[in-house]
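Some notes on the structure that comes next.
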2 protein chains.
Amino acid sequence: MTHSISDQEHILFLLKELSNQMGPKFERNTQISLSRYELLHQLYQVDEIKQSSLQKVVNIDHAAITRHLKQLESEGMVSRRRNPSDNRETFVQLTHEGRERIVICQSDKLSFIKQMFHDFSEEELRSLVTMLIRVQTNIKEY
Amino acid sequence: MTHSISDQEHILFLLKELSNQMGPKFERNTQISLSRYELLHQLYQVDEIKQSSLQKVVNIDHAAITRHLKQLESEGMVSRRRNPSDNRETFVQLTHEGRERIVICQSDKLSFIKQMFHDFSEEELRSLVTMLIRVQTNIKEY
DNA sequence: GGTCAATAATTGATACCTCAATGAATATAT
DNA sequence: ATATATTCATTGAGGTATCAATTATTGACC
């Protein structure tokens, strides 16, 4: 039954190693960190969104979100405004510059993921996505 | 052909998110960080090993290795000695305490990965491992 | 034998993450 | 109406990662 402990352990290590190796290389190629890219990427699709909702989508800690957005705001990539009808909430939106920024780094991102998955079939990619999502779900309820 | 960009992008995000979510939870459950666990785990199988070889196995940056081993040494988990025939190299070895430590946290680690992969078949696990290794290989040559 | 290159380990700088604690605004309950 | 609880965002603390630069030792070559 649980004879594949080494496989499971191996996956644990691989996930950590992959993340650590991938992040810096992504950033070198696109000039933007993977986390910030993910934030801009999400904002690109939604016009305006509550900061707390954004947090749930990207699965990054509240604190990290605050710091990223602060930095991105100071760089002119996003704009933020308080919700007039509930002053606790903050709406976040991509600026024109932000839209340009994310568009510009598309080609670099594309060549990066092309290399990363060049020997994967469509089916394998789908399978990989769903398995990772399952793992994520299993972890969350811990 | 490359119609599944969103899948590929999704995997990118998932790998990062998973690593960030998994690490702290693993540590809360086992009382040891995933990286340190990996180091002890490797040392457990090899008696004595050069620090540089260890680095290659665990795929962590040299600097991080040095800091981890220093800390583990100060906790009495590992011992280090210089290679007498080449004073640049350092041999690392698990202490008795270190062996005990890794044995003790086995059950916690087990229950953790059990939850993490509880709905995975043997075949899926194998498939996941090989796919992650392939991604890692593709990334390395970048 | 002495210079120059290569290798191993370390330290410094910077960035990012999580968790816990705090501050501020709103909702709730008696 | 007022005290209490909840929610959102922020800040502080601690840990870990990479990369670049440094130190120390060995090897190689003329």
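Laboratory data are not the source of any read-out in this text; all were calculated from the coordinates shown. Computed from a predicted model, the values in this text were never measured in an experiment. Quick reminder, even Gly has a Cβ in these numbers, built from the backbone with ideal geometry, and neighbours come from all protein chains shown.
Starting from the Cα coordinates of region A:18-142, work out the convex hull volume and express it per residue in Å³.
135 Å³
Could you work out the local net charge near A:L14, counting Lys and Arg as +1, Asp and Glu as -1, over the other residues with Cβ closer than 11 Å to its Cβ?
Summing Lys/Arg as +1 and Asp/Glu as -1 gives -2.
Whole number please: convex hull volume per residue of the Cα set in region A:50-111, in Å³?
On the way: hull volume 5.9 nm³, N = 62.
Once divided by residue count, the hull of region A:50-111 is 96 Å³.
If neighbour count is taken as other Cβ atoms inside 10 Å, put B:R101, B:R81 in order from fewest to most.
Ascending number of Cβ neighbours within 10 Å: B:R81, B:R101.
Using a cut-off of 16 Å between alpha-carbon atoms, which aspartates and glutamates can reach B:K56, once sequence neighbours fewer than 8 places away in the same chain are excluded?
Output for B:K56: A:E17, B:E38, B:E48, B:E89, B:E141.
Would you mind checking which residues have amide H under 5 Å from B:I49's amide H? H placed 1.01 Å from N; only 5 or more apart, or other chain.
B:V92
Under the Karplus relation 6.51 cos²θ - 1.76 cosθ + 1.60, θ = phi - 60°, what is the ordered set of whole-Hz ³J(HN,Hα) values for region B:9-19, x standing for Gly and Pro?
Per-residue couplings from phi come out as 4, 4, 4, 3, 5, 4, 4, 5, 4, 4, 4 Hz.
Bin all alpha-carbon pair distances of region A:97-142 at 5 Å intervals from 0 and give each bin's fraction as a whole percent.
With 5 Å bins starting at 0, P(r) equals 5, 18, 14, 15, 15, 18, 12, 3.
Separation between the A:E27 and A:K56 pseudo-spin-labels, each 7 Å from Cα along Cα→Cβ, expressed in nm?
About 2.9 nm, to one decimal.
Assigning unit charges at the beta carbon (Lys, Arg +1; Asp, Glu -1) and nothing else, what dipole magnitude in debye, to the nearest 20, does chain B show about its Cα centre?
500 debye
Would you calculate a helix-derived [θ] at 222 nm for chain A, using -39,500 (n - 2.57) for each DSSP H run of n ≥ 4 and dividing by the full residue count, to the nearest 500?
Theoretical 222 nm ellipticity from helices: -22000 deg cm²/dmol.
Please compute the contact order of chain B in relative form: average sequence separation of alpha-carbon pairs under 8 Å and at least six residues apart, divided by the residue count, as a percent.
Dividing the mean separation by the residue count of chain B yields 21 percent.
Once amide H atoms are placed 1.01 Å from N in the peptide plane, what residues at a sequence separation of 5 or more from B:M77, or on another chain, have their amide H within under 5 Å of its amide H?
When sequence neighbours closer than 5 places are left aside, there are no close amide H contacts.
For the pairs A:K16/A:K50; A:K70/B:K140; A:K109/B:K25; A:K140/B:K25; A:K16/B:K109, note any where the Cα-Cα span goes beyond 21 Å. Present the calculation step by step, with values, prior to reporting the outcome.
On the way: A:K16/A:K50 30 Å; A:K70/B:K140 33 Å; A:K109/B:K25 30 Å; A:K140/B:K25 9 Å; A:K16/B:K109 15 Å.
Table pairs above 21 Å Cα-Cα are A:K16/A:K50; A:K70/B:K140; A:K109/B:K25.
Over its Cα atoms, what ratio of radius of gyration to 2.2 N^0.38 Å does the protein assembly as shown give?
1.12
Applying the Karplus parametrisation 6.51 cos²θ - 1.76 cosθ + 1.60 with θ = phi - 60° to the phi angles of region A:104-113, what ³J(HN,Hα) value in whole Hz is obtained for each residue in order, glycine and proline being reported as x?
4, 7, 4, 5, 5, 4, 4, 5, 5, 6
Among A:T130, A:T90, A:T30, whose mean-square fluctuation peaks in a Gaussian network model of chain A (Cα, cutoff 10 Å)?
Answer for the Gaussian network model of chain A: A:T130.
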